[in-house]
There are 2 protein chains.
Amino acid sequence: MCELLGMSANIPTDICFSFSGLMVRGGQTAAHKDGFGVTFYEDKGCRTFKDALPSCQSEIAKLIKQYPIKSCCVISHIRQANRGRVSLENTHPFSREMWGRDWTFAHNGQLKGIKLLKLSWYQPVGTTDSEHAFCWLLSRIKDKYPNKAPRDMKTLFRYVDKLAAQLNAMGIANFFLSDGRYLYCHCSNNLHWITRRAPFGVATLQDVEMTVDFKQETTPNDVVTVIATKPLTTNEHWHQMQSGESALFNLGELTPL
Amino acid sequence: MCELLGMSANIPTDICFSFSGLMVRGGQTAAHKDGFGVTFYEDKGCRTFKDALPSCQSEIAKLIKQYPIKSCCVISHIRQANRGRVSLENTHPFSREMWGRDWTFAHNGQLKGIKLLKLSWYQPVGTTDSEHAFCWLLSRIKDKYPNKAPRDMKTLFRYVDKLAAQLNAMGIANFFLSDGRYLYCHCSNNLHWITRRAPFGVATLQDVEMTVDFKQETTPNDVVTVIATKPLTTNEHWHQMQSGESALFNLGELTPL
């Protein structure tokens, strides 16, 4: 199974701490040895760092752990290949431009028969189920809203909920979809989140000996949500998402649909 | 003026040497202080490293100089902003998926009135002339070939030649366009290239004290072309491209249109 990690925050925040916990799962404490990727949004722009090497060996993963890139929205993925060979074009997250914004997607799970679903505006570059699912999602969204996003973005994500239910019926669809402002999370069987806000405390990672005192790293107004396949810390309460449930985050806050 | 650097090779080759020469121009030996980006193609996939910081100060540029990512096609750009603020979304290279391939573009120059040109399939994320020009190029190409590339890619690039002439009439259009196999280069006023093949010799960088003996780094069958705004080495002969001229490279070789 692949591992997902996402972050939504109301102030540019680095993800070094959570990323450190995730990356050791890439071939060290767990068997996710087939590459990793992370997308940081900074204003309207985004940059994606990818490597087809195991994240615990990757020079690029090392840079990300050490170099605090600050972002209000991050999507990350480490891969254990089941469909599609180990290569850069099969490494999540995937991105496409829609309505003049960069949309990003990362997925954990297999989707039976997904490649029978017809695409229109977007075509996959690699051979994974996941990228096909992403291209299908965006194709359907752009078929419905060809020129621009609906005025209320909740209308859009309610439509994504319907599409996600179709994916869910085909297998396992734990996934993130984001335009850099909104982070949409869908759970089939494995997704947890936590929102940290004042008063901040101390957190201890599960996969590596590392503790951070968020009081030292934050201001009282910061709101930061982290979403991950499995809880990354041992001494905090993470919300476990239910099968078929979705959650939309904007600036760190859960945004009811 | 911005600086462009491209590479086309018949075997995955690292660009550390040329990149070292280019990067000092990013705020050290020249005034290109407004960010840099580099795209490496690896098989069908590609990854882009970007930073809005000056390349001579960037942690990410330092990684690229030291970590030999091997690729048959590379596009790089360092920026001196004239249109569009300094930010990630305005940092070249720009990428879009077309026909299930990632297309990448980097540009040097200003294009007067470019934003009056109508777009269809692709919309810019940032505010630069360059990204608008890229979206216009791809929109026109996809209008003409909506479902797939023409069978002979030369047919496509002859069409790009016509579109490039339109851009050239609007100002300065030194640019690269690539799908990872073909590297198309258009010169308005400043572009030079060199093809290195056996017998390989020694090259000395112009901007930094560094010499490389390509004999030690290559095999006799390697063919590597480097294209840059200005020659990067002092002891080799670079072809100077003429105004309005284009050059298409595939696996390191100049490919007549």
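The values are calculated or read from the model by the stated rules, or taken from the named source; none is laboratory data. Not measured: the values here are computed from a predicted model. Here Cβ is always computed from backbone atoms with ideal geometry, including for glycine, and neighbour counts include all displayed protein chains. In case anyone asks, the SASA skips ligands and DNA or RNA and just uses the protein heavy atoms, side chains included. Shrake-Rupley method; radii C 1.70, N 1.55, O 1.52, S 1.80 Å.
Would you check the accessible area of A:Asp152, probe 1.4 Å, heavy atoms only, in square angstrom rounded to 10?
Its heavy atoms expose roughly 80 Å² to the probe.
Taking the rotation axis that maps chain A onto chain B, which residue of A brings its Cβ closest to that axis, and at what distance in whole Å?
Per the A/B rotation axis, the closest residue of A reads A:Leu63, 3.
At 7 Å along Cα-to-Cβ for each site, give me the label-to-label distance between A:Ala165 and A:Thr219 in nm.
Calculated label separation equals 4.2 nm.
Ordering B:Thr155, B:Thr127 from largest to smallest accessible area (1.4 angstrom probe), what's the sequence? If you can, show how the numbers build up before the last one.
Values: B:Thr155 55, B:Thr127 75 Å².
Result of the area sort, largest leading: B:Thr127, B:Thr155.
On a 1.4 Å probe surface of the protein chains, which of A:Thr219, B:Thr225 comes out largest in accessible area, and what is the full order?
On the way: A:Thr219 70, B:Thr225 0 Å².
Descending order: A:Thr219, B:Thr225.
Given a 1.4 Å probe and the protein chains all in place, what does the accessible area of B:Asp207 round to, in Å² to the nearest 10?
40 Å²
Tell me, how many Å apart are the Cα centres for the range B:167-246 and for the range A:145-171?
Using only Cα atoms, the two centres lie 46 Å from each other.
Average partner chain C-beta neighbours within 10 Å, per residue of A:36-49?
Details: counts 0, 1, 0, 0, 1, 2, 5, 8, 7, 9, 4, 11, 5, 6.
Per residue, the average neighbour count from other chains is 4.
Find, among the GluC sites (Glu not before Pro) in the range A:141-244, those assigned to loop by DSSP (not H, G, I, E, B) with at most 10 other beta-carbon atoms within 10 angstrom.
Values: sites: A:Glu209, A:Glu217, A:Glu236; in loops: A:Glu209, A:Glu236.
Passing both the DSSP loop test and the Cβ count: A:Glu209.
Report, in deg cm²/dmol and to the nearest 500, the calculated mean residue ellipticity at 222 nm for chain B, where each DSSP H run with n ≥ 4 adds -39500 (n - 2.57) and the sum is divided by the residue count. Working shown, then result.
Working: 5 runs with 52 residues, N = 257.
After summing the helix terms and dividing by the residues of chain B, the value is -6000 deg cm²/dmol.
In what sequence, largest accessible area first, do B:Val208, B:Val202 appear using a 1.4 Å probe? Intermediate results must be reported in sequence, preceding the final value.
Numbers: B:Val208 50, B:Val202 70 Å².
Final ranking, largest accessible area leading: B:Val202, B:Val208.
In whole angstrom, how far apart do the alpha carbon centroids of the range A:10-24 and the range B:69-103 sit?
Comparing the Cα centres of the range A:10-24 and the range B:69-103, I get a distance of 26 Å.
With a point put 7 Å past each Cα toward its Cβ, work out how far A:Leu119 is from B:Glu245 in nm, to one decimal.
3.9 nm
Please report, for B:Gln110, the nm distances (one decimal) from its label point, 7 Å out from Cα along the beta-carbon direction, to the equivalent points in the remaining copies, shortest first.
Once sorted, the set of distances for B:Gln110 reads 5.7 nm.
Once both axes come from the Cα atoms, what is the angle between helix B:153-168 and the longest principal axis of chain B, in degrees from 0 to 90, rounded to 10?
Once rounded, one gets 80 degrees.
Placing the label point 7 Å from Cα along the Cα-to-Cβ direction, what are the distances from B:His239 to the equivalent spots in the other copies, shortest first, in nm to one decimal?
Shortest to longest, the spacings are 6.1 nm.
Suppose you put the label 7 Å out from Cα in the Cβ direction; list, shortest first and in nm with one decimal, how far B:Arg85 is from each other copy's label.
4.5
Quote the relative contact order of the range B:3-254 in percent (integer), defining contacts as alpha-carbon pairs under 8 Å separated by 6+ residues.
Details: 584 pairs, mean separation 58.1, N = 252.
It rounds to 23 percent for the range B:3-254.
Considering every residue in A:150-159, what mean count of other chain Cβ atoms within 10 Å of its Cβ is obtained? Walk me through the intermediate numbers first.
Details: counts 0, 0, 0, 0, 0, 0, 0, 0, 0, 0.
Per residue, the average neighbour count from other chains is 0.
Taking the Cβ of B:Gly201 as the centre, find all other residues whose Cβ is under 14 Å away and add up their charges (Lys, Arg: +1; Asp, Glu: -1).
Numbers: positive: B:Arg196, B:Arg197, B:Lys215; negative: B:Asp213, B:Glu217, B:Asp222, B:Glu236.
Net local charge, B:Gly201 excluded: -1.
Whats the longest run of chain A with zero trypsin sites (Lys or Arg not before Pro) that are DSSP loop and have at most 16 other Cβ atoms within 10 Å? Show your work: numbers first, answer last.
Values: sites that count: A:Lys70, A:Arg83, A:Arg85, A:Lys112, A:Lys118, A:Lys148, A:Arg151, A:Arg181, A:Arg197.
With trypsin sites (Lys or Arg not before Pro) excluded where exposed in loops, chain A gives A:1-69 as its longest stretch.
How about the range B:78-114: which of its residues lose at least 30 Å² of accessible area in the presence of all protein chains relative to their chain isolated, using a 1.4 Å probe?
B:Leu88, B:Glu89, B:Glu97, B:Gly100
Taking just the C-alpha trace of chain A, give me its Rg and Dmax in Å.
Just the Cα atoms of chain A yield Rg and Dmax of 17.0, 51 Å.
Rounding to the nearest 20 debye, state how big the charge dipole of chain B is about its Cα centre with +1 on each Lys and Arg Cβ and -1 on each Asp and Glu Cβ.
On the way: 29 positive and 24 negative charges, 169 e Å.
Result for chain B is approximately 820 debye, rounded to the nearest 20.
Take every Cα-Cα distance within the range B:135-257, group them into 10 Å bins from 0 onward, and report for each bin the whole-number percent of pairs it holds.
12, 37, 31, 15, 4
Pairs to check: A:Lys33/A:Lys65; B:Lys50/B:Lys118; A:Lys44/B:Lys115; A:Lys65/A:Lys230; A:Lys33/B:Lys65; A:Lys154/B:Lys142. Give those whose C-alpha atoms are more than 21 Å from each other in this structure.
Numbers: A:Lys33/A:Lys65 17 Å; B:Lys50/B:Lys118 28 Å; A:Lys44/B:Lys115 19 Å; A:Lys65/A:Lys230 19 Å; A:Lys33/B:Lys65 25 Å; A:Lys154/B:Lys142 31 Å.
Too far apart for the 21 Å limit: B:Lys50/B:Lys118; A:Lys33/B:Lys65; A:Lys154/B:Lys142.
May I ask for the accessible area buried between chains B and A, both sides summed, probe 1.4 Å, to the nearest 100 Å²?
Values: alone 11200 and 11200 Å², together 19930 Å².
Approximately 2500 Å², summed over both chains.
For the protein assembly as shown, max minus min Cα coordinate along each principal axis, in Å, sorted largest first?
65, 47, 40
Computed over the Cα atoms of the range A:1-124, what is the ratio Rg over Rh, Rh following Kirkwood?
Value, to two decimals: 0.97.
May I ask for the angle, rounded to the nearest 10°, between helix B:129-144 and the longest principal axis of chain B, with both axes built from Cα atoms and the value confined to 0 to 90°?
60 degrees
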